[in-house]
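Step one of this worksheet: look at the structure below.
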Amino acid sequence: MTNTYTLLAPLFVLSAFAFLLLGVDAMVKQPSAASRRLSFWLTIVGLIAAAVTLGSPAGGSVLFARQMLVWDGLSYVFSWVTLLTVLFVTLLSNSFSDFDGLRMSTYYALLLLAAAGLIFLVSSNDFLMIFLGIELFGVPSFILAGYLRHQERSSEAAIKLFLIGAFSSAMLVYGIAILYGVTGSTSLSQLQDHSASLQVMAPLGLLAIFFVIVSFGFKIALVPFHMWVPDVFEGAPKPVAALLSVAPKVAGAAIALRVFNLILPTSGLGFITVLAVLAGITMTVGNIIGLQQTNIVRLLAYSSIAHMGYLLLGLVGGGDLGVTGAYMYGWVYLFMNMGAFAVVISLSKTLGSDELPAYAGLAKRSPLMAALLTLFLISLAGIPPTAGFIAKFYVFLAAYQAGWKWLVVLGAFNSVISAGYYFKIIHQMYFRAPAETQPLNLALSERLTLAATSFFTLFLGLAPQIFVVTAQAFSVAPKP
């Protein structure tokens, strides 16, 4: 029993600090700078405390809570990704001017609850727990997306996210119900043992896995289930858009890795081919539409869609190499995408616009910001010596060794396409004259975020061996 409580400690800590923040909100009559500062530091302390309680799974996989939850390398790695993502979002939210005059205690409490939901999700070993984890994150995310309630676009983003979330959750429940009817269980471990039943009852087995894939497709924004992403990113507060661009997508990919590694390879239903086709379509559509964007936030939205296609190559490749590649891609995507959003958020208040022409001549106004954004963009494009190149190399190699050569060729072609819209931003910064000469000022929290994300984006590209060895240590195929 003590062991169970120990493994659940991060969830308890995050929930406790979330309710403490809600208590602070109840005691504060009017929002002020002091209450906002207090809420910010309570959130930072809560995230640090949760990180301290994360136990390394040195002894291998541990099943607990009636084998419905598991603590293993996958849980550990992606719990860290979740906590770091929420930490960066908290830092970026601290100086975000659109939040002035709002009750930030509730906002930070929702961030902590969302983090708890994602950690619960990546630790799930049962479809019922997966559904619960998705909802534990989904409910706070709907509210966060609409937190700028005085802005119509923010309310619209919340409604769209709510409707898509409800629809995808319903699809997942339907798939779970059929799986239970076919196999008599919702446990991932037991479903692996009963995977032959899925093949024997092929029509129902196909339908069940189809609904599961569709639901996951909505959550991690695979094409053709991606339509909510650009509008929600543009309408939600930018720190929330940064959160939605990383945490739920990476966590969704992590739990998909667990599910698909346990069921699909042995089911004989041919769904690895379906995942390969989805990966190819997602990369291609995301990048082609991204070429047409002139709004930076929408451009990053389509970029995030394309990157989920790249990450899916790790799932398609499978094996230890594919799992290692997926782990690495999750970490690298956190730093390079969060860094790009950090620059956009920092520049938005000074430039007054997220449109591409507003970035004209940025290199002359702020050489450092232009250089940092260039670093993140070339990493997103997968150009050496950045971390993005290393991550793409490993997922491409996994897919190639598994025999998916056409998918690797398509991925390489899409990387070239993506460079078109990333370098479109770089061209504006370095080869256009600035319309204004006003200097750019950064808050301390923004500087910390940019320093951390840029360091790891460059360091993991220049010294990848340390990163690779660490990822391999935790990336044994997640089979409890």
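The values are calculated or read from the model by the stated rules, or taken from the named source; none is laboratory data. Everything quoted here is computed from the prediction, not taken from an experiment. Positions of Cβ are generated from backbone atoms using ideal geometry, with glycine treated the same way; all protein chains shown enter the neighbour counts. SASA here: full protein model, heavy atoms, side chains in, ligands and nucleic acids out. Shrake-Rupley method; radii C 1.70, N 1.55, O 1.52, S 1.80 Å.
Using a cutoff of 8 angstrom between alpha carbon atoms and counting only pairs six or more residues apart, the relative contact order for the chain works out to 15 percent.
Here is the size of the chain from its Cα atoms: Rg then Dmax, 21.4, 69 Å. Seen from all directions on average, the stretch 101-233 presents a Cα convex hull projection of 8.4 nm². Couplings 3J(HN,Hα) for the stretch 421-426, derived from phi with the Karplus relation 6.51 cos²θ - 1.76 cosθ + 1.60 (θ = phi - 60°), are 7, 5, 6, 5, 5, 4 Hz, where x marks Gly and Pro. Taking every C-alpha pair closer than 8 Å and separated by at least 6 residues, the mean separation divided by the residue count of the stretch 202-359 gives a relative contact order of 26 percent. The mean sequence distance of close C-alpha pairs (under 8 Å, at least 6 residues apart), as a share of the length of the stretch 307-442, puts its relative contact order at 37 percent. Across the alpha-carbon atoms of the stretch 270-480, the computed radius of gyration and Dmax are 17.7, 58 angstrom.
Of the solvent-accessible surface of the stretch 270-480, computed with a 1.4 Å probe over protein heavy atoms with every protein chain present, carbon and sulfur atoms account for 68 percent. Computed with a 1.4 Å probe on the full set of protein chains, the accessible area for residue 349 sits at about 90 Å². For the stretch 151-165, the Karplus equation 6.51 cos²θ - 1.76 cosθ + 1.60, evaluated at θ = phi - 60°, returns couplings of 10, 4, 5, 5, 5, 5, 4, 5, 5, 5, 5, 5, 5, 5, x Hz by residue, with Gly and Pro reported as x.
Across the stretch 135-148, coupling constants 3J(HN,Hα) worked out from phi with the 6.51/-1.76/1.60 Karplus curve, θ = phi - 60°, read 6, 5, 7, x, 4, x, 5, 4, 5, 4, 4, x, 5, 7 Hz, and Gly and Pro carry x. Ranked by the mean number of other Cβ atoms within 10 Å of their residues, highest first, the peptides 426-432, 335-341, 102-108, 380-386 come out as 335-341, 102-108, 380-386, 426-432. Note on residue 307: accessible area approximately 0 square angstrom, rounded to 10, probe 1.4 Å, nucleic acids and ligands left out.
The amide H of residue 69, built 1.01 Å from its N in the peptide plane, has 64, 125 as neighbours under 5 Å, considering only residues 5 or more places off or on other chains. Kirkwood analysis of the Cα pair distances in the stretch 252-360 returns a hydrodynamic radius of 15.4 Å. Entry for the stretch 358-444 at q = 0.18, 0.21, 0.22 Å⁻¹: log10 I(q)/I(0) = -0.79, -0.94, -0.99, Debye formula applied to identical alpha-carbon scatterers, no solvent contribution. Here residue 12 sits with roughly 110 square angstrom of accessible surface, probe radius 1.4 Å. Both radii were evaluated on the Cα set of the stretch 4-96; the Rg over Rh quotient, with Rh as the Kirkwood radius, amounts to 1.07.
In the context of the full set of protein chains, the stretch 270-480 has a per residue accessible area of 37 Å² (1.4 Å probe).
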